[in-house]
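K.L.:
Dropping a structure here in structure tokens format, bear with me for questions.
The values are calculated or read from the model by the stated rules, or taken from the named source; none is laboratory data. Here the structure is a predicted model, which is why all the values come from computation and not from measurement. Using ideal geometry, Cβ is built from the backbone for each residue, glycine included, and neighbour counts are taken over all protein chains shown. Please note that ligands, DNA and RNA were not included when accessible areas were found on the heavy atoms of the full protein model with its side chains. Shrake-Rupley method; radii C 1.70, N 1.55, O 1.52, S 1.80 Å.
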Amino acid sequence: MWTLSNIITNIKVQGGESRRYMLDINSRDIAKFVQELISTTISWDEFSMTEALQEAFVRLDQDISSSATPSPGSNLVNYESLEQALSGCCACVAHTDGDHLHVANTGDCRAVLGQLDNENNWVAVRLSNQHNAENLTECQRIKSEHPADEQMSVIKNNRLLGQLAPLRAFGDIMYKWPVKDLKNVINILSNIGASVLIQQSLIPPKYYTPPYLTARPDIVHHKLTAKDKFLILATDGLWDMMSSQNAVKLVGEHMEGKQTLSSFSLPVEPLNLGAANQILSNRKIGLAHKPKDSNVTTHLIRNALGDSSSGIKHSKLSTMLQLSPSISRNYRDDISVTVLYFDTPLNI
């Protein structure tokens, strides 16, 4: 069966020219955006990091959409750009400036801060709210933007219009564009051999008052303190497998145990008995938590995919990693993880 990706792949320019063309388009959009920023006069007193992050997200989404828009009065369209715009993407971005931490989130990713309390216990603090049907505030926001007769259809089966799980995203223009623009795309696709099924799927059911989807992020500001040790940014594939608290505990223990992956040596400077005892105590704690992986994100994914009632089960981990793309989504979602350390001492 022909998919939209098959059709677009079939008309791509050979020899990597298409990929280079898309890089040119993206580079040009970024350069234009930067030039506009440079030419904008704004004082530091007027600057808002929250507004800057929101504007960056929205502008990127607008560029994705505009690059896929057919030329006025013709059927000319960049198929690479169209493929990108018909796909969807969530994002969770962290920006640090001194002790100021801003987290911008669009979609169902999550940001979790790892703190070490006064009793040396690891504490998870969520710095983002996932935009899905479990977020009742988000569901109410969407419903409030559409007429009363759409209240039962705009969020259906815990999905946007009964189809899309993330309630905010980049791209996914079939939930944003006016019907007439989507019909124009359908006409273009019909001319290059797209099936009727693909054409029909571009307009969701009960699609009356678009846009239904936005890329505008929620922003959370946090003032960093000495107890803030790291930040985990991850897609929903990780959070489907483990809680925020468990993830923070795993990263914290990895921090404690990672020191044991290198040879032990005492500092060159003279030590009193108290300082030497503290170093040896930390080493003992680290040995108790010695990880298999030097990379903390690998450590998280190993635990997410291989966890069992008897600990990490290699056979389960191996099976989960070897699932073919055609069936893997029935068992796990894709997982992307970034861990940002704040370089404050553990003091344990």
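K.L.:
Suppose we keep only residues that are at pLDDT 95 or above and outside any loop (DSSP other than H, G, I, E, B) within the range 193-228. Which one would you say is least open to solvent (accessible area, probe 1.4 Å)?
P.N.:
Selected residue: ASP228.
Yes/no matrix, rows are residues, columns are (1) more than 23 Å from the chain's Cα centre (by Cα); (2) among the hydrophobic types (A, V, I, L, M, F, W, C); (3) modelled with pLDDT of 85 or more:
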site	(1), (2), (3)
SER262	yes, no, no
LEU273	yes, yes, no
ASN295	no, no, yes
ARG302	no, no, yes
LEU305	no, yes, yes
SER315	yes, no, yes
SER318	yes, no, yes
LEU321	no, yes, yes
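K.L.:
Restricting to the range 18-31, what's the tally of residues that are open to solvent by 50 Å² or more (accessible area, probe 1.4 Å) and either at pLDDT below 75 or closer than 14 Å to ILE64 by Cβ (or both)? I'd like the intermediate steps shown before the answer.
P.N.:
Initially, the range 18-31 is screened for residues open to solvent by 50 Å² or more (accessible area, probe 1.4 Å), giving 19-21, 23-24, 26-28, 30-31.
Now drop any that are not either at pLDDT below 75 or closer than 14 Å to ILE64 by Cβ (or both), which leaves 19-21, 23-24, 26-28, 30.
Within the range 18-31, residues that are open to solvent by 50 Å² or more (accessible area, probe 1.4 Å) and either at pLDDT below 75 or closer than 14 Å to ILE64 by Cβ (or both) number 9.
K.L.:
With the structure loaded, tell me whether ILE327 is of a type in the set (A, V, I, L, M), modelled with pLDDT of 90 or more and under 30 Å from ARG168 (Cα atoms) or whether it fails that test.
P.N.:
For ILE327, the condition - of a type in the set (A, V, I, L, M), modelled with pLDDT of 90 or more and under 30 Å from ARG168 (Cα atoms) - is not met.
K.L.:
Right, something else. Looking at the structure I just gave you, is PRO178 of a type outside the set (Gly, Ala, Ser) and either within 15 Å of THR209 (Cα to Cα) or modelled with pLDDT under 95 (or both)? So that I can check it myself, show each step before the final result.
P.N.:
Working: of a type outside the set (Gly, Ala, Ser): yes; either within 15 Å of THR209 (Cα to Cα) or modelled with pLDDT under 95 (or both): yes.
For PRO178, the condition - of a type outside the set (Gly, Ala, Ser) and either within 15 Å of THR209 (Cα to Cα) or modelled with pLDDT under 95 (or both) - is met.
K.L.:
Just to be sure I understand, how many residues within the range 205-223 are basic (Lys, Arg) and more than 17 Å from PRO166 (Cα to Cα)? Full working, then the answer.
P.N.:
Going through the range 205-223, the residues basic (Lys, Arg) turn out to be 206, 216, 223.
Next, only the ones that are more than 17 Å from PRO166 (Cα to Cα) stay: 206, 223.
The number of residues fulfilling the criteria is 2.
K.L.:
For ALA247, work out the one condition from (1) within 30 Å of LYS156 (Cβ to Cβ); (2) buried (at least 18 other Cβ atoms within 10 Å of the Cβ) it doesn't fulfil.
P.N.:
(1)
K.L.:
While we're looking at this one, here's another question. Please determine, by comparing only the residues of the range 163-192 that are among the small types (Gly, Ala, Ser) and under 25 Å from PHE57 (Cα atoms), which one is surrounded by the fewest Cβ atoms within 10 Å (Cβ to Cβ). Reasoning before the result, please.
P.N.:
First, pick out the residues of the range 163-192 that are among the small types (Gly, Ala, Ser): 165, 169, 171, 190.
With the extra rule that they be under 25 Å from PHE57 (Cα atoms), the set shrinks to 165, 169, 171.
On the way: ALA165: 18, ALA169: 24, GLY171: 21.
Among those residues, the one meeting the criterion is ALA165.
K.L.:
Within the range 87-122, which residues are in contact with a Gly (Cβ under 7 Å, 6 or more places away or on another chain) and closer than 30 Å to SER201 by Cα?
P.N.:
Passing the criteria: SER87, GLY88, CYS89, CYS90, ALA91.
K.L.:
While we're on this one: Does LEU231 meet the test of being surrounded by 14 or more Cβ atoms within 10 Å (Cβ to Cβ), assigned to a strand (DSSP E or B) and at pLDDT 95 or above?
P.N.:
Working: surrounded by 14 or more Cβ atoms within 10 Å (Cβ to Cβ): yes; assigned to a strand (DSSP E or B): yes; at pLDDT 95 or above: yes.
Yes; evaluated as a whole, the condition is true for this residue.
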